[in-house]
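Everything on this sheet refers to the single structure shown next.
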Amino acid sequence: MSAKSVFKVGFLSMIAATGLFVASIGFAADAHTTSKFEGVKANSGTATHARSGNTDTLTWSDEFKIPETPAPHWQVVDTKGHVYLLNRLAIKGDKQNRTIALPAYINDVAKVQIWCAFAEVLLGEASFSKPIMTASGERMQSDSMAMSR
């Protein structure tokens, strides 16, 4: 192999590696994971936010254990302090709401909580390092910017 060929192969390999690195940074920027759940009963695992199209979802990690209480639910808190009670963690039998879709009326999420709807007690919570803007929140923000023009 000539020196020119070796140079071409090395140069193309370097470009490919740079492309993969940039792509992985872009992918990592889309992943939003909370701190570890901490509380009276929920003390393990994290929640991860993801978006597919206009649907925002939350999923708990493999380390998360559903608290042994009568009615543990997903609950989120937005940046204005509004609290939204969502789906129950466990459903009939051994089925689980491991991943939930956030309703369109939630514009951002600052904290994810585990709430016992039966005893009305906070079982644990985890925060995002910075609030997550949902797809509906982004639409609302762009609509208000368009109206102000």
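How far is it, in nm, from the label point at Thr59 to the one at Ala71 when both lie 7 Å from their Cα along the line to the Cβ?
2.9 nm
Grab the Cα-Cα distance for Met140 and Ser52, subtract it from 0.36 nm times how many residues apart they are, and report the gain in nm with one decimal.
29.9 nm
Once phi is turned into θ = phi - 60°, what whole-Hz ³J(HN,Hα) does the Karplus curve with 6.51, -1.76 and 1.60 give for every residue of the stretch 36-47, x standing for Gly and Pro?
5, 4, 9, x, 5, 10, 9, 10, 8, x, 9, 10
Computed from the coordinates by the stated procedures, all read-outs in this text should not be read as laboratory data. Keep in mind that this is a model prediction, so the values were computed, not measured. Heads up, the Cβs are rebuilt from the backbone with ideal geometry, glycines too, and the neighbour counts pull from every protein chain shown.
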